[in-house]
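These notes concern the structure reproduced below.
Taken together, the values in this text are just the output of simple stated rules run on the coordinates, not laboratory data. Quick caveat, the model's predicted, so the values are computed rather than measured. All Cβ positions, even for glycine, are placed from backbone atoms using ideal geometry, and neighbour counts span all protein chains on display.
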Amino acid sequence: MQEKNQKSIKKVVILGMGGTIAGLAENTTDNVNYQAGQVSVADLLAGLGAGFVESLQNNKIELVTEQVAQLDSKDMSFVVWQQLLQRLDFYNTQPDVMGIVITHGTDTLEETAYFLHRTISANKPIVLTCAMRPASAMNPDGPQNMRDAILMARHSSANCVMVVCDGAVHSAQDVQKDHPYRTNAFSSRDNGVLAWIEEGHIRQLRAWPASQAILYRATQKILDANSHMHWPRVEMVMNYAACDGAVVQALLAQKMDLAGLIVAGTGNGTLSNDLALQLDLAITQGIRVGLCSRCALGQVVGHQKQAEYEVIELSFTKARVELILQILNA
Ligand code: SIN
């Protein structure tokens, strides 16, 4: 009988990556001067509240924590992405795991979310969450975000990578950090949120996105490799008033094994003549050039130079992740 009860217990795995959600300041009123990635993911559970944990236990749900990294996400590295993907790959196939929550810093969260969206074929909800106030704050936003993320992780039909913050559920494809301070720091750009979480209920507005983890060779390389794996170098440049292309020229002169460039064009992907000249030179050297717009919303539409530049219909930061994965996949 006891064995039967044991078998029916389901797990929600919480992977800790650091960030403000695990941050500590010297003063409880200080929401800005803090050290990210200080509190262990196991200790973050204390903020969930006894009533919440009890209701999980009543539903035979166990929370399992694992510290994958403990960093300020401004310092996110390929090695950490690789470790995260390897752990996700493990938990994604465990039948007793209902869903996975990842506590992550907000600053590069959209890049990690997109990286996972393209590399893991989710069998269950994979929910990144975060906070804009450190754990030491008088009113931290992390505990509510974690409760909401756990709720999403239990929502069995949402087999995709999502981001939960401030009551909103964003797709990995659309999510973008828009604000450096407010607790509702994220938007879903033009497409709008997938759902709202209100008092423990999910109000779904859009279909859960289908997996886009189809760059199989890239994924396998990352999963199989050790930490010395060679990741292609893809740098980012931008067009702006009086842009003379000197940054690209300097990058080419460095001979630093540059594999790709993402260029954020002005408006609908336009480039100054001088920048275009340097980018054309880069292409002749075998460097792939991906073009997107520096505008906060929208994407490059009907660009005339499509044959030369690869128009990537993503935000500037995600376009770089996409090109890295495409190069790895080639
Ligand atoms: C970080 O990205 O790790 C620090 C900032 C944050 O989480 O808001």
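A few remarks follow.
- When restricted to residues that are touching a helix residue (DSSP H, G or I) at 6+ places or on another chain (Cβ under 8 Å) and at negative phi, the range 153-167 contains 7.
- Only one entry in Met132, Met98 is surrounded by fewer than 24 Cβ atoms within 10 Å (Cβ to Cβ) and of a type outside the set (Asp, Glu), namely Met98.
- Total residues in the range 76-103, condition within 14 Å of the ligand (Cβ to nearest atom) and either of a type in the set (Val, Ile, Thr) or more than 24 Å from Gln220 (Cα to Cα) (or both): 3
- Residues in the range 239-275 that are crowded, with 21+ Cβ neighbours inside 10 Å and out of contact with any helix residue (DSSP H, G or I) (no Cβ under 8 Å at 6 or more places or on another chain): Gly265, Gly269.
- Lone unmet requirement of (1) in a loop (DSSP other than H, G, I, E, B); (2) crowded, with 20+ Cβ neighbours inside 10 Å; (3) more than 16 Å from the ligand (Cβ to nearest atom) for Met138: (2)
- Residue list for the range 111-124, filter: out of contact with any Phe, Trp or Tyr (no Cβ under 8 Å at 6 or more places or on another chain) and within 15 Å of the ligand (Cβ to nearest atom): Glu111, Ala113
- Listing of helices (runs of 4 or more DSSP H) fully contained in the range 211-330 that carry 2 or more residues being free of Cβ contacts under 8 Å to residues at least 24 places away in the same chain: 216-224, 246-253, 273-284
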